[in-house]
Amino acid sequence: MMKITNYTLYQVPPRWLFLKIETSEGITGWGEPVIEGKAATVKTAVEELMTYLVGKDPMNIEDHWNVLYRSGFYRGGPILMSAIAGIDQALWDIKGKYFNAPVHQLMGGKARDTIKVYSWIGGDRPADVANAARTAVAAGFRAIKMNASEELQYIDSYEKVDAVLQRVAMVREAGGSALGIGVDFHGRVHKPMAKVLAKELEPFHPMFIEEPVLPENNEALRDIAQHTSIPIATGERMFSRWQFKNLLKDGYADIIQPDLSHAGGITECKKIISMAEAFDVAAAPHCPLGPIALAACLQVDATCHNVFIQEQSLGIHYNTGSDLLDYLTDKTVFKYDNGFVKIPSGAGLGIEINEEQVRKMAAIGHDWRNPQWRHEDGSVAEW
């Protein structure tokens, strides 16, 4: 029987955490357990959870997932679910390599050969979005995502609303009518202004508006949905099928965005996305992270009929110094062609990690933190 023998965690720039799990058969698996800005905290959670797994058979993924989740009297949340997510990804990588098959083959096979991807433009405080949109379109992307606004008070001026509309108008003009535009409210908009923005953005035909309110205020989606026909997306800060259950039952979200490095990994996100299919809800997994997280997303995307687009972080404003492809031996695995990427067909997650580069950059490490914003009156603003 194959056993888990050891593991190593690598905190690597720009803001990621990689996990390598080793086995008695010489097969290694990679995962990406991280919360942006809390990498060291997740690292400690992984270390706690791995005390159970060392010596166990890595093949029993469902049982391991349930033990890691259910054996904690206090369960769920971003840290614990992200730790489980990275472990789960690595176990699936091991299982795929053992059977010499991509993960999607072990989950029923592909429902698609490729998936559309979108590119981030404009940064945290959206700027120069028109040129960025033109660059993305020239690179072959058919969809982009941008932050809608800077910080907004509960009730704010229409000057700021007009600035949002102007930016989106510039992107629409630069990208043309076929360009998909995701407008991310980033939870930095409160319900009163979210209703205003959702209605005012309609003439520009966005692909979706994302996190129009914080997930703890999801009940407000009802009022927002009644003010707009734009599809509403949310879910990057929701961490289990039990959280998504009420969102889907309420019926005001059109697109869910679970993060495969935050919401319990491949095992849990496959269940969340399939559950959404029963409610006729689309999925666009959240992934502004590294290559392991993206590979895990693509394996699940391949098997889920209701996934229509995939986020990816190549060139995103956070990736300064190191980027998505820097840690891969074969960088062509994520080759974007006409706005699409092929589902990786290699064993496991379908990628080969450049471990020498990982060790080199882990020696540098990172201490990435979220920006901290304040309103004009000195009160803390949502980032």
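The values are calculated or read from the model by the stated rules, or taken from the named source; none is laboratory data. None of the values given here were measured: they were computed from a predicted structure. Cβ atoms come from the backbone with ideal geometry, glycine included; neighbour counts cover every protein chain shown. Remember, those area values only see protein heavy atoms, side chains included, never the ligands or the DNA or RNA. Shrake-Rupley method; radii C 1.70, N 1.55, O 1.52, S 1.80 Å.
Just how large is the dipole of the range 1-150 about the Cα centre, in debye to the nearest 20, putting +1 at every Lys and Arg Cβ and -1 at every Asp and Glu Cβ?
Dipole of the range 1-150, to the nearest 20 debye: 380 debye.
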Legend entry - Per residue, the convex hull volume that the Cα atoms of the range 129-254 enclose (Å³): 102
Inset, instruction - Be a star and scan the range 192-214 for residues whose amide nitrogen sits under 14 Å from the point 7 Å along the Cα-to-Cβ vector of Tyr154. - result: 192-194
Inset, instruction - Leaving ligands, DNA and RNA out of it, rank Arg237, Arg134 by accessible area with a 1.4 Å probe, largest first. - result: Arg134, Arg237
Legend entry - Nearest-10 value in Å² for the accessible area of Thr114, using the 1.4 Å probe: 50
Inset, instruction - Determine the calculated [θ] at 222 nm for the chain from helices alone, applying -39500 (n - 2.57) to every DSSP H run no shorter than 4 residues and normalising by the residue count; nearest 500 deg cm²/dmol. - result: -11500 deg cm²/dmol
Inset, instruction - Work out, step by step, the length gained on full extension between Asn66 and Trp373: first 0.36 nm times the residue separation, then minus their alpha carbon distance; give nm to one decimal. - result: 106.7 nm
Legend entry - Convex hull projection area averaged over all views, the chain, Cα basis, nm²: 17.9
Legend entry - Tyr52 paired with Lys245, simple spin-label distance in nm, labels 7 Å along Cα-to-beta-carbon: 2.0
Inset, instruction - Estimate the FRET efficiency between Glu382 and Leu314 by the formula 1/(1 + (r/R0)^6), using the beta-carbon distance for r and 30 Å for R0, to the nearest 0.05. - result: 0.70
Legend entry - Karplus 3J(HN,Hα) series, Hz, for the range 130-136 with 6.51 cos²θ - 1.76 cosθ + 1.60 (x for Gly, Pro): 5, 5, 5, 5, 4, 4, 5
Legend entry - Computed E for Asn131/Ser229 - FRET, C-beta separation, R0 35 angstrom, nearest 0.05: 0.75
Legend entry - Alpha-carbon centroid distance for the pair the range 115-191 / the range 1-52, whole angstrom: 35
Legend entry - Filtered GluC sites (Glu not before Pro), the range 182-222: DSSP coil and at most 16 other beta carbons within 10 Å: none
Inset, instruction - Work out from phi, with θ = phi - 60° and the Karplus expression 6.51 cos²θ - 1.76 cosθ + 1.60, the ³J(HN,Hα) of each residue of the range 104-110, listed in order in whole Hz, and give x for Gly and Pro. - result: 4, 5, 7, 10, x, x, 7
Inset, instruction - Please calculate the 1.4 Å probe accessible area of Met50, with all protein chains present, and give it to the nearest 10 Å². - result: 0
Legend entry - By accessible area with a 1.4 Å probe, ligands and nucleic acids excluded, highest first: order of Tyr7, Tyr98: Tyr98, Tyr7
Legend entry - Nearest-ten-degree value, helix 241-250 long axis tilted from longest Cα axis of the chain: 30
Legend entry - Heavy-atom accessible surface of the chain: percent carbon and sulfur, 1.4 Å: 48
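What FRET efficiency, computed as 1/(1 + (r/R0)^6) with R0 = 25 Å and r the Cβ-Cβ distance, is obtained for Phe99 and Thr5, rounded to the nearest 0.05? Before the final figure, lay out each step's value.
Details: r = 20 Å, r/R0 = 0.78.
Computed FRET efficiency for Phe99 and Thr5: 0.80.
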Legend entry - Projected label distance in nm at Ala138 and Lys331, using a 7 Å step from Cα toward the beta-carbon: 2.0
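Any chance you could run the full-extension gain for Glu352 through Ser274? It's 0.36 nm times the residue separation minus the Cα-Cα distance, nm to one decimal.
25.3 nm
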Inset, instruction - Using only the Cα atoms of the range 36-156, construct the convex hull and provide its projected area averaged over every direction, in square nanometres to one decimal. - result: 12.2
Legend entry - In the range 315-357, the trypsin sites (Lys or Arg not before Pro) that fall in loop regions by DSSP, at most 16 other Cβ within 10 Å: Lys335
